[in-house]
Amino acid sequence: MSDPGYTKNEIMIAASARLLAGVRNCFVGVGLPNIVCNLAQRTVAPDLQLVYESGVFGARPERLPLSIGDPTLVSGSTAVTSMFELFAYYLQAGLIDVAFLGGAQIDRYGNLNTTVIGDYHRPKVRLPGSGGACEIAIHARKVLVIMRQAQRSFVDELHFRTSPGHSGDPEHDRARGWWGSGPTNVVTDLGTYGFDEETGEMTLLTLHPGVTLDQVRENMGWEPKVAPDLGETPPPTPEELRLIREELDPEGVYTS
Amino acid sequence: MGNKVTTMRDAIAELVRDGDTVAIEGFTHLICFAAGHEIIRQRKRDLTLARMTPDVIYDQMIGAGVARKLIFSWLGNPGVGSLHAARRRIEQQDPEPLEIEEYSHFGMVCRYVAGAANLPFFPIRSYYESDIPKVNPNIKWMRSPYEDGTEVAVVPPLRPDVTIVACQRATPEGDAQIWGLLGCQKEAAFAADRVIVVCEELVDESVIRRDPNRTVIPSIIVDAVVEQPYSCHPSFAQGYYDRDNAFYLKWDEISRDPEALDAWLKEWVYDLESHADYIEKMGPAHWESLKPEPATSGEVNYGRYA
């Protein structure tokens, strides 16, 4: 395939940023989600308030932070809160519109594992654990997931369920009484997914340009559900690429 | 009350005992590495280390063999990846096992809240349909005794024997002011039996009294005050010095290799007498490179009501 003029990360970033159109606030993670949110603020969501798990609301970072606890997030923000206030009054009370989550493993219902590969008590790989992910999955009104796709990460069965997604039974999901309802979208290096309203199952909505359905199948641990009107992900626009390359990640840390 | 100023060596020697539960809190910000290094230097043993995010400091302490158990909610090197010394002990029991007890961030914060507020437990809406409670029996379930009968998870109080908190400025008595990320230092300090405050600078009581809203830790709960500039490096102190991200990246390499880790501990902890030596060894150019341009807040008018 010829060079499309953008990287895998760049189309993941652009496709994710468009999902934030009109969103008022977003719980940001480091790495790709950080660039996604900053791109959305400059394009489809000019009023987007960036919220960081470290307790910052309305951040205006002047540089790309390495961690979610960077001092650049504090200076110029609208509020800095204690961890208790952030999780209790903002997240648990339902004020967070959108949050980004990722993980080592995701299943077809959007359940996420960030805890362990192998047995919990005899782990093959010990991962970081929940952090705030468990409660973010429960309380954020929408949860977006950005992950590279592979057999080992898109699995039929999780080794550990750190953060709950859809249950597979929509009636059960509606009766939960949570602000959130499991992930709403997943963006990978191959395509974009939504979740079926009836079954709560991850459903392929678009393929990135040049990607085939077979490639998607080769990189997931179950037979994917495909939307009847399967489309193509619009490639990043020149303006999106300019913002990513010149303003948001000039050194190409996350996008090359 | 009165003057509680002491040295880091004396504060750790007198207030941190083998077998204690120790919390050096600070959510990426104001993590008191200097206190962790002194605990390593004094070869404390069998500690239970509590922290939301164990961070590089606990990886160093775990690598040095001071810890028996870890209580946490996110075990990683923020923005970088893994804490390899902790992982070796959990995955391979190398060189010995490390007991773990894990929560989510909100659960961990609320354990401190319960400890600080003298409550038997704290209810939160979390852990629903998660496997975390299956591996941590301390997370339990209850129904609200009020009409709606909502099911909530409850977590038990966490009462550290010692909490160590770094701050920008404090009085000799221990009234401590913090600005920037607040983490859960206030809750962890109020929950603790003993509290050590480590400040970038000691200030006169009049400085604190001019801006009382900024006081996070009151002297009434403080046992010792240590004045120690750069005590948080490679973490940061808002307005004083930047996060040393290059070191966080470098730690990934160091901690992957047990021999490199031991060599690092020897060079930067055991062979130095105190944090003053560490500052000198790092060199003035390094500290200069971490210094931010000033960005001061405007003043507020508290008013004088004579």
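The values are calculated or read from the model by the stated rules, or taken from the named source; none is laboratory data. Please read these numbers as outputs of a predicted model, since none were measured by experiment. As a convention, Cβ positions derive from the backbone with ideal geometry for all residues, glycine included, and neighbour counts pool all protein chains shown. Remember, those area values only see protein heavy atoms, side chains included, never the ligands or the DNA or RNA. Shrake-Rupley method; radii C 1.70, N 1.55, O 1.52, S 1.80 Å.
Could you compute the longest span of chain B free of chymotrypsin sites (Phe, Trp or Tyr not before Pro) located in DSSP loops and having at most 10 other Cβ atoms within 10 Å, not counting the site residues? Answer - B:147-304.
Solvent-accessible area per residue in the protein assembly as shown equals 41 Å², computed with a 1.4 angstrom probe and all protein chains kept. Peptide A:46-54 shows a mean partner chain C-beta count of 2 within 10 Å per residue C-beta.
So which lysines pass the test for A:K124, namely a Cα distance under 24 Å, with those fewer than 8 places away in the same chain ruled out? Correct list for A:K124: B:K69, B:K134.
Listed cross-link partners A:K8/B:K186; A:K142/B:K250; B:K186/B:K291; A:K8/B:K291 are compared with a 32 Å cut-off, the Cα-Cα value being larger for A:K8/B:K186; A:K142/B:K250; A:K8/B:K291. Shown is the FRET efficiency for A:R242 and B:K69, computed with R0 = 60 Å from the Cβ-Cβ distance and rounded to the nearest 0.05: 0.75. Close amide H pairs (under 5 Å, H built 1.01 Å from N) link A:L112 with A:T162, A:S163, A:G165, residues at least 5 positions away or on another chain.
Of the listed residues B:H233, A:H172, B:H286, the order by accessible area with a 1.4 Å probe, largest first, is A:H172, B:H286, B:H233. The charge dipole of chain A, taken about its Cα centre with unit charges on the Cβ atoms of Lys, Arg (+1), Asp and Glu (-1) only, comes to about 540 debye. In a DSSP loop and with at most 13 other Cβ atoms within 10 Å, the GluC sites (Glu not before Pro) in segment A:116-208 are A:E157, A:E197, A:E198. Taken about its Cα centre, chain B carries a charge dipole of about 600 debye when Lys and Arg each add +1 at the Cβ and Asp and Glu each add -1 at the Cβ.
Which of rounded, prolate, oblate describes chain B, given a ≥ b ≥ c as roots of the alpha-carbon gyration tensor eigenvalues and a/c under 1.5 marking rounded, otherwise prolate only if a/b is larger than b/c? It is oblate, given that a/c is not under 1.5 and a/b is not larger than b/c. The amide H of B:F27, built 1.01 Å from its N in the peptide plane, has B:G183, B:C184 as neighbours under 5 Å, considering only residues 5 or more places off or on other chains. Take every pair of alpha-carbon atoms less than 8 Å apart whose residues are at least six positions apart; their mean separation over the length of segment A:154-198 yields a relative contact order of 27 percent. Annotation note: GluC sites (Glu not before Pro) in segment B:194-289 located in DSSP loop regions with a Cβ neighbour count of at most 12 within 10 Å are B:E273.
Rounded to the nearest Hz, the phi-derived 3J(HN,Hα) couplings of segment A:11-24 under the Karplus curve 6.51 cos²θ - 1.76 cosθ + 1.60 (θ = phi - 60°) are 6, 5, 5, 5, 5, 6, 4, 5, 5, 8, 3, x, 6, 8, where x marks glycine and proline. Surface composition of segment B:65-112: carbon and sulfur atoms hold 43% of the protein heavy-atom accessible area at a 1.4 Å probe. The Cβ shell under 14 Å around B:Q42 holds other residues with a net charge of -1, Lys and Arg each +1, Asp and Glu each -1. Counts of other chain beta carbons within 10 angstrom of each beta carbon in peptide B:72-80 average 6. Whole-Hz Karplus values for segment A:233-247 come out as 5, x, x, x, 7, x, 5, 4, 5, 4, 4, 4, 7, 9, 10 Hz, taken residue by residue from phi with 6.51 cos²θ - 1.76 cosθ + 1.60 and θ = phi - 60°; glycine and proline positions read x. Note that segment B:209-215 has calculated 3J(HN,Hα) couplings of 5, 6, 9, x, 5, 8, 6 Hz, one per residue in order, obtained from phi through the Karplus relation 6.51 cos²θ - 1.76 cosθ + 1.60 (θ = phi - 60°); glycine and proline are x.
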